[in-house]
Structure formats: C-alpha cells, structure tokens
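Peer 1: Submitted below is the structure of interest, expressed as structure tokens.
The values are calculated or read from the model by the stated rules, or taken from the named source; none is laboratory data. What you see is a predicted model; the values in this text were computed from it and never measured. Note that each Cβ is placed from the backbone with ideal geometry, even for glycine, and that neighbours are counted across all protein chains shown.
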Number of protein chains: 2
Amino acid sequence: MLPLYGIRIVDLTQVYSGPYATFLLAEAGAEVIKVEPPEGERLRLGTGAAALPFAMFNAGKQSVTLDLASDNGKQDLAALLSAADVIVENFRPGVLAKLGFDDERLGAINPNLIRASLSGFGSEGPYRSYPALDVVIQAMSGVLATTGFADGPPVKAGAALADILGGAHLYGAVLTALLHRGRHGEVRHVETSMIEATYPTLASSLPVALTEPDAANLRTGNRHGAGRVSPYNLYPANDGHVAIICTTDRHWQRLAELLGLELGSDRSLTDTRARLARIDDIDAAVAAATAKLTRAEIFDRLAAGGVPCGAVQDLREVVNDPHLLATGALFAFDHPEHGPMTLNRSAIRFPSLGRGPYRPSAPLGSANATFFPTQMPEAKAKA
Amino acid sequence: MLPLYGIRIVDLTQVYSGPYATFLLAEAGAEVIKVEPPEGERLRLGTGAAALPFAMFNAGKQSVTLDLASDNGKQDLAALLSAADVIVENFRPGVLAKLGFDDERLGAINPNLIRASLSGFGSEGPYRSYPALDVVIQAMSGVLATTGFADGPPVKAGAALADILGGAHLYGAVLTALLHRGRHGEVRHVETSMIEATYPTLASSLPVALTEPDAANLRTGNRHGAGRVSPYNLYPANDGHVAIICTTDRHWQRLAELLGLELGSDRSLTDTRARLARIDDIDAAVAAATAKLTRAEIFDRLAAGGVPCGAVQDLREVVNDPHLLATGALFAFDHPEHGPMTLNRSAIRFPSLGRGPYRPSAPLGSANATFFPTQMPEAKAKA
C-alpha cells in the first residue's frame with residue numbers, strides 16, 4: 001500500500017510550483033483532484049511535446065472544472081472540500097479568501113481540512129502581494145547576481161529552480177501537517193514561499209559577499225563561488241565539456257593519475273591552497289588532457305575512479321541517459337492525449353513499497369461526472 | 001507543540017544536501033543528533049563568516065562525535081539507533097552497509113527504524129557509486145547546458161540547486177515514511193537522489209530540445225528558455241538590472257502603462273505572438289524606459305502594479321532585504337561560536353503553531369556526555 005493511500009487532496013494550483021507538489025502527493029498514493037477553470041489551467045498548451053510540462057506535473061491526478069466566480073462553482077468546491085484532507089493552492093495571498101474561502105469558512109466546511117499554500121514571498125511582509133515567477137525569485141534571492149562571468153551581465157539559471165524548490169518544500173509542508181494532524185490534532189494552515197526555499201542555495205557565496213566589501217561581483221563563471229577549490233571548472237572534451245571538481249587533495253591525486261598529468265608529481269601542489277595560487281596552470285593542464293578525450297571517456301574514467309565529474313549533457317542526451325532510463329526515473333510513454341514522450345516518476349522512492357502504476361495527466365474535466373453528478377448541464381458543456 | 005516533537009533523528013549527513021534536510025527536521029521540532037567524525041565534518045571551517053554555511057545548515061541539532069571505524073564507535077551508533085525513529089545519511093550507496101549497518105542489521109537493532117538516504121544518482125543503476133557534487137548534477141541533468149548565452153559556454157548556476165533540491169526532497173521523504181509508519185506499519189528504506197530532484201527544473205526547455213532537431217543550443221541568456229514570452233529579459237536600471245516577465249497580454253498592457261511606453265498603444269502588439277515577432281524592438285523600448293530609473297523604483301512600481309518584476313539583488317542586499325527581515329525569514333544573530341551573522345529559519349511555516357526558539361549550531365561533540373556517559377575517555381579527549 002502506498003504511503004498516502006486514502007488521503008484526498010483538492011488541488012487548486014497552476015503552472016509549475018504547486019502542481020509539482022501535488023504530483024509528488026499523487027505519486028505517493030494520494031487521491032489528487034485538480035480543480036481547473038472551465039477553459040483549463042494556463043499550462044494546458046496544445047499537444048505533442050509542447051504538452052510535456054503539463055503532462056510531467058499533472059500525472060496521477062483527476063481533473064475537474066469549476067467556475068469559481070459562480071455560485072454553483074463555489075458550492076461544488078465546498079462539497080469537494082467537505083470530504084478532503086488538504087486544499088493545496090498557489091494563489092497570491094488573500095485570493096482564496098476573496099473567493100469566499102477564508103480560513104474560518106474552510107474550518108466550517110471541514111474542521112479537519114489543512115490549507116497548504118505556496119507563494120513567491122509568503123503571506124506576510126511588504127512583498128506579500130507581489131506577483132512572483134521563477135525568474136523574479138532568481139533576481140531577488142541573488143541567484144542571478146551569482147550566475148555568469150565577472151565581465152558579463154547577471155544570468156538566469158536555465159533551470160526553474162525556484163519553482164521546483166517551492167514545490168518540493170510545499171510537499172514537505174503538506175506531509176508535516178498530515179503527520180501533525182494525526183499526532184496532535186488540528187493544524188489549520190501550513191505555508192512556504194519560493195524565496196525562502198531558494199535562499200539556502202546561495203550558501204557558498206554568502207560568506208564572500210559578507211566579508212569582502214569589494215567583492216561586489218560574485219559571478220565566478222564555472223569556478224567555485226567562494227574561490228576555495230581547485231581544480232573546479234568546466235573543461236573541454238573533444239565533443240563538448242565536462243565539469244571536474246576536486247574538493248579534497250585525494251581527488252586531485254586521483255585526477256592527476258587518471259589523466260596522466262605531469263603536475264601530479266609536483267609535491268608543492270598537494271594541498272588546495274597551493275593549487276589555488278596556481279589555478280590557471282592547474283586549469284590549463286587539466287584542459288590539455290581532457291581535450292583529447294570524449295565526454296564519455298572522461299566521465300567513465302574519472303567517476304569510476306572516484307573523482308567528482310559530470311559530462312555536460314544537452315537535454316536530448318538527458319532524456320536518453322542510460323542511468324535515468326535503467327532506474328525508471330525516466331521512461332518512454334505513449335501519452336493517450338499527447339502522444340509519445342519521455343516522462344518522469346517521483347524523485348521520492350520507497351524501495352520496499354514499489355511504485356504505483358503511472359497514471360497520465362487527465363483530459364480537462366474528465367472527472368466532472370464522478371465528482372459532480374448533479375452539476376448543471378451548462379457547466380458540463382463548458383468543460 | 002511543534003509537529004515533530006518527540007521524533008528522534010540520527011543524522012550522519014555532511015556538507016549541504018543532507019544537513020539541509022535535517023535542519024528542516026530540527027526546525028519542525030524533531031530531536032536531531034548529528035554524528036560527526038572526531039575531527040568534525042568537512043563543513044566545519046574556521047570561524048566568523050566562513051562558518052556561515054555550517055551554521056545555516058546545522059541549527060537546531062545536537063553534536064556528537066564517533067569514530068565509526070572503531071568497535072566502540074559502532075557500538076555507540078547502535079545504541080543511538082536503538083532509540084531513534086530515523087537514520088538520515090548521504091553516504092554513497094553501500095557505504096553504510098560496509099560500516100556494518102546494512103538494512104538487516106538496522107532492523108535487528110530497531111525494527112521501527114526508518115533509513116532515509118540521499119545520493120547523487122540513487123542506489124541503483126550504472127552511476128550509483130559515482131561521486132556527485134552539486135555541479136556534477138548540474139552538468140548531467142542539463143542545467144549547465146541551458147544556462148548562459150548561445151554564443152558562450154555552458155555556465156553553472158551560482159546557486160547550489162541540486163544540493164538544496166536533494167535536501168528538500170529528502171525532508172519530504174522522511175515525513176512520508178513517518179506518516180506511513182504511523183498509518184500502515186513498517187517501512188524500512190526511503191530514498192531520493194539529486195539528479196531526480198533536479199530533472200523537473202528543466203521543464204520549460206525540454207519541449208524545445210525534443211522537437212527542434214537543430215536547437216542544439218538552448219542557452220537563451222536571460223530570455224525565455226522556450227522563446228515563448230515577451231517581454232521576458234533582464235533590463236538595465238540606473239543602478240543595476242531588473243528582470244521583467246510578461247506571461248500574459250494583461251501584464252504587457254500594465255507594463256506599458258506603468259513605464260509610459262509608446263509601443264503600448266500599438267494595437268498590433270497586444271498578443272504574445274506579435275510581440276515575439278518584434279522581440280528586439282520590445283526589449284529596446286522597455287530598456288530605454290527602465291534605464292532612467294533605479295531598481296527600487298522599477299520594482300516597487302511594477303510589482304505593486306501587478307507586473308512580475310524582480311530587482312537583481314547582490315547577496316549583501318539579499319541579507320539586508322527588508323521583506324526577508326520583516327517576515328523573520330532572515331534575522332541577525334550573535335552566534336555563540338562564530339560571532340554576528342545573518343541566519344535563516346525553515347522555509348516551512350505553521351502560522352498557527354509558531355516557531356520554536358532558534359538553536360544555533362552546536363560545538364563539535366558538545367552532546368557526547370549526554371548520549372555517551374560511559375564513553376571511553378580517549379574518545380572524549382579526541383572530541
């Protein structure tokens with residue numbers, strides 16, 4: 001039996017961050033009822049590969065449609081909530097209350113209901129009502145300021161890290177609230193924010209920023225954010241790049257052995273401080289050796305030899321990565337609505353419990369008849 | 001009462017990812033006993049600001065030291081585990097078993113014990129034993145390939161996103177296992193991996209990579225990863241940069257009003273597709289307007305007006321951000337071991353339960369006398 005069997009979630013979230021949390025809930029066995037406006041949520045875009053983000057983040061959920069501006073829609077939502085454990089929402093703070101569902105009303109509908117909410121900046125403080133998307137949070141949290149090269153502009157991370165960090169923390173928040181309810185009784189509201197979830201990612205750069213008044217520019221390209229590690233960089237392969245990071249002196253010795261570096265026999269370079277003093281020589285020597293090899297040759301040799309190394313894979317390589325396919329993290333799937341695509345399972349695994357079956361993202365409103373058998377025909381037609 | 005009151009965690013993790021998970025557990029009320037080698041874990045570096053990452057990720061925990069290579073150390077660990085709920089570890093897969101604590105032994109010590117583990121690539125598959133640090137995962141998952149500009153090299157995100165994503169998922173994994181144990185009984189092992197936790201961050205770029213055979217280069221600088229949104233870029237301010245993202249036509253109309261853009265009255269630009277066809281004109285017009293203003297003026301005007309906007313803050317500005325300080329996300333603290341620094345609380349909040357007191361990271365081995373009253377004097381001396 002999956003861990004969240006019998007837990008019912010009413011999911012009002014849209015786009016990436018909130019839906020990622022409810023995807024994890026669904027994969028852990030919860031019954032997730034995704035509530036969308038009659039026209040569908042903003043991420044329902046076309047078919048084929050363009051539908052991939054929607055399919056990724058909405059697997060395992062049922063879809064119902066409600067017009068929350070209408071009295072009928074509000075009544076149907078109240079009925080759903082009366083039999084639910086958790087309502088998950090990523091509206092801006094205050095919006096759910098304006099729709100008629102403040103915490104007092106939610107408690108009257110269902111005293112055991114937990115409200116779990118995610119927003120960009122949290123429900124308090126001067127920025128609480130400001131709109132927040134992933135890049136807004138990257139800017140405000142310092143991710144942009146620390147990404148890129150010293151002689152270039154700030155650069156956004158290509159990864160939607162603030163969204164997925166927000167969603168992962170929201171999943172943890174829901175589980176904490178469920179555990180609390182079972183052990184200690186009522187808990188009305190649990191929340192997280194994208195900016196708080198993203199802040200800890202800056203740990204390496206924060207000490208530099210705080211101690212060196214002139215270190216205005218923390219963009220160190222592909223070198224270590226605090227200038228503390230060498231070798232630590234991107235190095236050329238004959239078919240792209242690899243990242244190599246030697247956080248210990250032992251890593252450096254092994255790297256030198258495995259790449260046959262002459263500098264490896266230089267005893268003055270056995271400690272990190274000495275290597276940092278000659279960082280350009282070290283980087284040049286490593287690059288000269290790696291440039292003759294393919295990414296796969298370097299990755300296999302170094303990683304198997306215990307030296308932290310990653311091949312810089314493009315996304316086509318990532319979705320065909322033999323490790324991710326062998327472990328079932330990714331799998332090829334013929335989506336009933338959107339056609340063949342590679343999809344992912346939850347990053348949280350219970351080896352002794354196994355996985356549930358993969359349930360693809362559902363067509364818009366396909367569960368309306370199940371949950372609203374008496375819904376007005378007009379509302380059904382809209383869906 | 002905090003949600004995890006009475007839950008005891010034995011924490012064998014080091015550096016960022018695992019310790020972040022156990023920091024969240026401690027902040028939610030769990031008793032976390034951090035087990036370090038006699039010389040301390042790798043992240044205990046000096047004092048002052050250099051100690052900030054250690055202090056960030058180890059607040060709320062007690063510290064004990066054990067030499068796990070020795071019989072005494074193994075006995076003391078077994079004694080700790082016999083009275084614990086969860087062991088959390090981020091060794092490479094197989095290392096804990098080699099130390100004498102495979103799952104059979106753990107079950108014999110304590111049949112209710114949950115083992116929660118985090119690794120770079122997971123405990124199965126061809127890369128399972130490869131060393132993994134944040135940048136290794138950024139390379140292998142496609143984060144590097146999608147960060148930077150089309151005419152430049154791949155760039156690492158300055159944020160340690162794979163570490164913190166791994167830790168946040170590990171927290172969720174522990175909570176799921178605790179809930180499962182309470183509802184359904186035994187669960188021996190729960191795990192997550194940094195690469196699986198990071199993969200979903202690439203959602204925006206994956207469709208492009210999969211559908212356009214020639215889109216080898218997905219580095220779009222500060223523009224949208226899938227080329228779908230305009231305006232969406234970094235724009236100059238007279239004291240730095242701001243990020244502005246108009247995901248809806250309404251955002252564009254508001255932006256044009258708030259910045260007084262002449263292009264705002266061009267009816268041919270009311271829809272996204274039309275704006276994308278003239279993306280350079282749009283970006284130039286926005287930049288001409290923003291360049292006259294400060295970041296704060298732009299942020300306040302646009303965000304309050306409902307247009308997603310973020311000021312690019314450097315880290316000194318981030319730790320002094322009035323919003324983060326007002327909400328208590330960050331706070332100034334005089335650390336008893338490391339002096340004055342700005343620290344952070346858990347991103348998961350229970351407004352009705354409040355926070356527990358902040359308990360700073362503990363000196364190495366400071367809880368040895370509590371947990372090992374009969375420990376050999378030599379071991380005590382080492383600590």
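Peer 1: Do you know which residues across region A:51-76 are under 30 Å from residue A:330 (Cα atoms) and among the polar types (S, T, N, Q)?
Peer 2: First, pick out the residues of region A:51-76 that are under 30 Å from residue A:330 (Cα atoms): A:51-65.
If the condition is that a residue be under 30 Å from residue A:330 (Cα atoms) and among the polar types (S, T, N, Q), then A:58, A:62, A:63, A:65 are the ones that fit.
Peer 1: Is at least one residue of region A:268-278 of a type in the set (S, T, N, Q) and within 22 Å of residue B:127 (Cα to Cα)?
Peer 2: Filtering region A:268-278 for residues of a type in the set (S, T, N, Q) gives A:268, A:270, A:272.
Within this subset, residues satisfying the condition of being within 22 Å of residue B:127 (Cα to Cα) are none.
Scanning region A:268-278, I find no residue that is of a type in the set (S, T, N, Q) and within 22 Å of residue B:127 (Cα to Cα), so the answer is no.
Peer 1: While we're looking at this one, here's another question. Can you list the helices (runs of 4 or more DSSP H) found entirely within region A:49-168 that contain at least 2 residues being surrounded by fewer than 21 Cβ atoms within 10 Å (Cβ to Cβ)?
Peer 2: A:71-82, A:95-98, A:103-109
Peer 1: Just to check your reading of the model, which residue among A:357, A:351, A:336 is without any contact (Cβ under 8 Å) to a residue 60 or more places away in the chain and closer than 14 Å to residue A:56 by Cα?
Peer 2: Being without any contact (Cβ under 8 Å) to a residue 60 or more places away in the chain and closer than 14 Å to residue A:56 by Cα holds for just one of A:357, A:351, A:336, which is A:336.
Peer 1: For residue B:361, work out the one condition from (1) within 30 Å of residue B:241 (Cα to Cα); (2) assigned to a loop (DSSP other than H, G, I, E, B); (3) of a type in the set (S, T, N, Q) it doesn't fulfil.
Peer 2: Result: residue B:361 passes all but (1).
Peer 1: Can you name the residue in region A:270-284 that is over 9 Å from residue A:230 (Cα atoms) and under 36 Å from the mean Cα position of the chain (by Cα) and is also surrounded by the most Cβ atoms within 10 Å (Cβ to Cβ) among such residues?
Peer 2: A:284
Peer 1: Oh, and also: Sort out which residues of region A:178-198 are more than 7 Å from every other protein chain (Cβ to nearest Cβ) and outside any helix (DSSP H, G or I), and write them in order of number.
Peer 2: Across region A:178-198, the qualifying residues are A:185, A:186.
Peer 1: Just the residues that are assigned to a loop (DSSP other than H, G, I, E, B) and among the hydrophobic types (A, V, I, L, M, F, W, C), please, taken from region B:254-266. Step through it out loud before you land on a result.
Peer 2: Keep residues of region B:254-266 that are assigned to a loop (DSSP other than H, G, I, E, B), which gives B:260-261, B:266.
Of everything in region B:254-266, just one residue is assigned to a loop (DSSP other than H, G, I, E, B) and among the hydrophobic types (A, V, I, L, M, F, W, C), namely B:261.
Peer 1: Inspect region A:323-341 for any residue being more than 14 Å from chain B (Cβ to nearest Cβ), over 21 Å from the mean Cα position of the chain (by Cα) and in a helix (DSSP H, G or I) and give the result as yes or no.
Peer 2: No, region A:323-341 contains no residue that is more than 14 Å from chain B (Cβ to nearest Cβ), over 21 Å from the mean Cα position of the chain (by Cα) and in a helix (DSSP H, G or I).
Peer 1: Of everything in region B:310-322, what is of a type in the set (A, V, I, L, M, F, W, C) and in a helix (DSSP H, G or I)? Give them in sequence order.
Peer 2: We begin by selecting, within region B:310-322, every residue of a type in the set (A, V, I, L, M, F, W, C); these are B:311-312, B:315, B:318-319.
Result: B:315, B:318, B:319.
Peer 1: Next question. Failed condition for residue A:369, given (1) over 20 Å from residue B:135 (Cβ atoms); (2) touching a Phe, Trp or Tyr at 6+ places or on another chain (Cβ under 9 Å); (3) among the aliphatic types (A, V, I, L, M), with all others met?
Peer 2: (2)
Peer 1: Could you check how many residues of region B:210-253 are part of a loop (DSSP other than H, G, I, E, B), among the basic types (Lys, Arg) and in contact with a Gly (Cβ under 9 Å, 6 or more places away or on another chain)?
Peer 2: Number of matching residues: 1.
Peer 1: Residue A:306 - would you say it is in a loop (DSSP other than H, G, I, E, B), within 33 Å of the chain's Cα centre (by Cα) and either more than 14 Å from every other protein chain (Cβ to nearest Cβ) or modelled with pLDDT of 95 or more (or both)?
Peer 2: yes
Peer 1: Cβ contacts < 8 Å: first residue at positive phi, restricted to region A:252-263; second residue in a helix (DSSP H, G or I) and of a type outside the set (Val, Ile, Thr), any location; separation 6+ or different chain. Result?
Peer 2: A:260/A:289
Peer 1: Another question, then. Surrounded by fewer than 24 Cβ atoms within 10 Å (Cβ to Cβ), closer than 24 Å to residue A:357 by Cα and either modelled with pLDDT of 95 or more or not assigned by TED's automatic domain parsing to the domain that holds residue A:14 (or both): does that describe residue A:27? Can you show your working first?
Peer 2: Values: surrounded by fewer than 24 Cβ atoms within 10 Å (Cβ to Cβ): no; closer than 24 Å to residue A:357 by Cα: yes; either modelled with pLDDT of 95 or more or not assigned by TED's automatic domain parsing to the domain that holds residue A:14 (or both): yes.
Against the criterion (surrounded by fewer than 24 Cβ atoms within 10 Å (Cβ to Cβ), closer than 24 Å to residue A:357 by Cα and either modelled with pLDDT of 95 or more or not assigned by TED's automatic domain parsing to the domain that holds residue A:14 (or both)), residue A:27 does not qualify.
Peer 1: Out of all the residues in region B:153-177, which are more than 7 Å from chain A (Cβ to nearest Cβ) and not aliphatic (A, V, I, L, M)?
Peer 2: B:163, B:166, B:167
Peer 1: Does region B:42-57 contain at least one residue that is in the same structural domain as residue B:336 (by TED's automatic domain parsing) and closer than 29 Å to residue B:186 by Cα?
Peer 2: no
Peer 1: Please work out which one of (1) within 11 Å of another protein chain (Cβ to nearest Cβ); (2) more than 30 Å from residue A:57 (Cα to Cα); (3) among the basic types (Lys, Arg) is the condition residue A:275 fails and give its number.
Peer 2: Residue A:275 satisfies every listed condition except (1).
Peer 1: Taking residue A:193, is it modelled with pLDDT of 90 or more, out of contact with any Ser or Thr (no Cβ under 8 Å at 6 or more places or on another chain) and either surrounded by fewer than 22 Cβ atoms within 10 Å (Cβ to Cβ) or not aromatic (Phe, Trp, Tyr) (or both)? Walk me through it before giving the result.
Peer 2: Numbers: modelled with pLDDT of 90 or more: yes; out of contact with any Ser or Thr (no Cβ under 8 Å at 6 or more places or on another chain): no; either surrounded by fewer than 22 Cβ atoms within 10 Å (Cβ to Cβ) or not aromatic (Phe, Trp, Tyr) (or both): yes.
So residue A:193 fails the test.
Peer 1: Being over 21 Å from residue A:153 (Cα atoms) and in contact (Cβ under 8 Å) with a residue 40 or more places away in the chain is the requirement here; does residue B:192 meet it?
Peer 2: Numbers: over 21 Å from residue A:153 (Cα atoms): yes; in contact (Cβ under 8 Å) with a residue 40 or more places away in the chain: yes.
Answer is yes for this residue.
Peer 1: Here is a further query. May I ask you to say which residue of B:145, B:150, B:59 is within 11 Å of chain A (Cβ to nearest Cβ) and of a type in the set (Gly, Ala, Ser)?
Peer 2: Exactly one residue qualifies, and that residue is B:145.
Peer 1: Give region A:264-278 a look and list any residue that's β-branched (Val, Ile, Thr) and free of Cβ contacts under 8 Å to residues at least 24 places away in the same chain, or say none.
Peer 2: Of everything in region A:264-278, just one residue is β-branched (Val, Ile, Thr) and free of Cβ contacts under 8 Å to residues at least 24 places away in the same chain, namely A:270.
Peer 1: Given the criterion more than 8 Å from chain A (Cβ to nearest Cβ) and either crowded, with 24+ Cβ neighbours inside 10 Å or of a type outside the set (D, E, K, R) (or both), identify the matching residue among B:221, B:227.
Peer 2: B:227
Peer 1: Still on this structure: Please go through region A:278-296 and pick out each residue that is in contact with a Ser or Thr (Cβ under 9 Å, 6 or more places away or on another chain) and part of a helix (DSSP H, G or I).
Peer 2: Passing the criteria: A:279, A:282, A:283.
Peer 1: Quickly run through region B:96-142 and pick out the residues that are more than 10 Å from chain A (Cβ to nearest Cβ) and of a type in the set (Asp, Glu).
Peer 2: Residues satisfying the conditions are B:102, B:104.
Peer 1: With respect to residue B:201, is the statement that it is at the interface with chain A (Cβ under 8 Å from one of its Cβ atoms), over 24 Å from residue A:155 (Cα atoms), touching a helix residue (DSSP H, G or I) at 6+ places or on another chain (Cβ under 6 Å) and of a type in the set (Ser, Thr, Tyr) true?
Peer 2: When the stated conditions are applied, residue B:201 does not pass them.
Peer 1: Go through (1) at pLDDT below 95; (2) more than 10 Å from every other protein chain (Cβ to nearest Cβ) for residue A:259 and report which single condition fails.
Peer 2: It fails just one condition, (1).
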